[in-house]
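Here the structure is laid out as structure tokens; the discussion comes afterwards.
Derivation of every value follows stated rules applied to the coordinates shown; laboratory data play no part. Here the structure is a predicted model, which is why all the values come from computation and not from measurement. Cβ: placed from backbone, ideal geometry, glycine included. Neighbour counts: every protein chain shown.
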């Protein structure tokens with residue numbers, strides 16, 4: 001082979017080697033470029049939505065203060081409060097608890113007025129007294145709202161059937177349990193005495209609550225005054241042990257009392273309600289009502305009214321008197337403006 005041929009062959013081999021090296025380099029660069037693009041532009045993925053739960057999404061837990069207007073678990077008002085509470089706690093998730101607190105109908109109104117309760121049972125009599133500032137209220141109430149109206153509540157002055165107490169005037173000098181201070185029965189007894197020209201000094205008051213029937217049975221009382229349903233369980237039990245009478249309230253006394261307390265209405269205890277009550281007895285009373293704190297949220301009170309109405313058979317079952325109340329009766333007017341939430345549900 002000539003020198004030129006040998007030289008050409010070496011150079012050709014070198015050129016081939018260089019071309020192969022360039023090809024390898026180009027492949028590496030292209031791969032790197034493609035890898036980099038794949039890193040910067042990911043393949044499109046299906047869109048997913050994640051629900052973020054914040055405090056605003058969660059129902060706020062609520063504890064309601066229910067002023068039952070009753071002195072113990074034996075009272076008819078307490079039984080109603082329990083039935084209402086059970087319905088609300090079962091049907092409204094945000095209600096964590098409902099505390100049931102004792103006290104009379106007057107105490108219920110005072111508690112709502114002072115912002116120390118959310119829902120309360122009382123009577124239209126007590127509400128009327130509060131709105132005009134009658135004793136024991138020292139000023140006109142301005143922080144009350146209506147929630148519901150139930151059945152009639154009777155003012156009964158019970159005595160033994162063979163007692164010499166035939167009229168309210170005959171109570172003078174007698175031992176009477178009108179209920180503790182703050183009870184509607186206490187307020188009405190004092191009003192009755194005043195309208196007859198008497199005061200507590202003219203009787204022998206014993207300011208007890210549920211102990212009164214036992215004290216009568218033991219001979220420590222001559223009369224027992226109470227605010228109760230048409231047929232009160234405590235009076236039924238008392239009359240079983242010994243026949244009783246309900247002292248009648250005559251028209252002239254009723255008119256004087258109503259003039260002082262506009263929420264009073266005329267009621268009659270039916271014959272046969274208690275052992276010893278053989279004929280209809282004229283007495284006084286008011287509407288059993290539920291009031292609410294005006295500061296409660298409208299949405300919550302709407303739910304309370306709606307849930308109570310839709311499950312009212314649970315409350316109707318506590319007594320014969322409540323069984324007579326129908327869901328459409330709950331929005332009955334009783335002289336107090338309804339809470340906006342309740343008014344919305346009742347269509348007011």
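Quick rundown of the values:
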| quantity | calculated |
| --- | --- |
| Label-reachable residues, region 240-271, where backbone N falls under 16 Å from a point 7 Å from residue 279's Cα toward its Cβ | 245-251, 268-271 |
| Antiparallel DSSP beta bridges within region 152-234, as percent of all bridges there, nearest 5 | 55 |
| Net lengthening on full extension, residue 169/residue 252 (0.36 nm per residue, minus Cα-Cα) | 28.6 nm |
| Nearest-0.05 FRET efficiency for residue 217 and residue 271, computed from C-beta distance (R0 22 Å) | 0.40 |
| Per-residue Cβ neighbour rank within 10 angstrom, fewest leading, 208, 289 | 208, 289 |
| Sites residue 199 and residue 313, calculated FRET efficiency, Cβ-Cβ separation with R0 56 Å, nearest 0.05 | 0.75 |
| Pairwise centroid distance, computed over Cα atoms, of region 314-348 with region 75-109, Å | 15 |
| Residue-span extension gain [residue 240 to residue 72] - 0.36 nm each, minus C-alpha spacing | 58.4 nm |
| Per-residue Cβ neighbour rank within 10 angstrom, fewest leading, 345, 155 | 345, 155 |
| Relative exposure of 88, 200, 77, judged by other C-beta atoms within 10 Å (fewest first) | 200, 88, 77 |
| Percent RCO, i.e. relative contact order, over region 60-346, from Cα pairs under 8 Å lying at least 6 residues apart | 25 |
